[in-house]
Amino acid sequence: METYSVDTPGSAPDGGLHLVERATTVQHTSSTGQQTTEQQVEQPNPGDPGSGLRVTILTNDTVNSGPSGAQATRTIQARDANGSFGVVSVDTAKSDNLHAIQVQIAPSEKPK
């Protein structure tokens, strides 16, 4: 997904539309059933807006399912003032509900 604006951080307005953010999401499912979603957000460098977009935020979501339930982990990394990525957040959730939703495909038979 791309976002355009007439206002570009670090630049004087020129009346034109400029790309100010690009978010890319990729999803994978491994042979073991582990689901991974990776998202990267690119934004211009306010100190050098003419240099184009650079990755500023990385998000990684992982879901592992097994016979005893599922565990999800989200890790968010952000670029610091030195240009290096550091972990700013890690969230973990666990569910032991194996059958949260049950779908009835055919109507149940009524007694005659």
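Listed here are the residues, each with its yes/no results for (1) touching a residue at least 24 places away in the same chain (Cβ under 8 Å); (2) closer than 20 Å to Ser11 by Cβ.
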| residue | (1), (2) |
| --- | --- |
| Pro44 | yes, yes |
| Gly47 | yes, yes |
| Leu53 | yes, yes |
| Thr75 | no, no |
| Phe85 | yes, no |
| Ala93 | no, no |
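Hey, can you tell me all the residues within segment 2-49 that are under 21 Å from Phe85 (Cβ atoms) and among the hydrophobic types (A, V, I, L, M, F, W, C)?
Those that are under 21 Å from Phe85 (Cβ atoms) and among the hydrophobic types (A, V, I, L, M, F, W, C): Val20, Ala23, Val26, Val41.
Residue by residue, here is whether (1) in contact with an Asp or Glu (Cβ under 7 Å, 6 or more places away or on another chain); (2) assigned to a strand (DSSP E or B) holds:
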{"position": "Gln27", "(1), (2)": "no, yes"}
{"position": "Ser31", "(1), (2)": "no, no"}
{"position": "Gly47", "(1), (2)": "no, no"}
{"position": "Ile57", "(1), (2)": "no, yes"}
{"position": "Asn60", "(1), (2)": "yes, yes"}
{"position": "Val63", "(1), (2)": "no, yes"}
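Kindly indicate the residue of segment 78-92 that is in a strand (DSSP E or B) and out of contact with any Ser or Thr (no Cβ under 8 Å at 6 or more places or on another chain) and also surrounded by the fewest Cβ atoms within 10 Å (Cβ to Cβ) among those meeting that condition.
Across segment 78-92, the extreme among qualifying residues is Gly86.
For Ser95, state whether it is at pLDDT below 85 and open to solvent by less than 60 Å² (accessible area, probe 1.4 Å).
Answer is yes for this residue.
What's the total number of residues in segment 31-72 that are small (Gly, Ala, Ser) and closer than 25 Å to Met1 by Cα?
Within segment 31-72, residues that are small (Gly, Ala, Ser) and closer than 25 Å to Met1 by Cα number 5.
The values are calculated or read from the model by the stated rules, or taken from the named source; none is laboratory data. Quick caveat: nothing in here was measured; it's all calculated off a predicted structure. Cβ: placed from backbone, ideal geometry, glycine included. Neighbour counts: every protein chain shown. Each accessible area value is taken on the protein alone, full model and side chains, heavy atoms only, with ligands, DNA and RNA left out. Shrake-Rupley method; radii C 1.70, N 1.55, O 1.52, S 1.80 Å.
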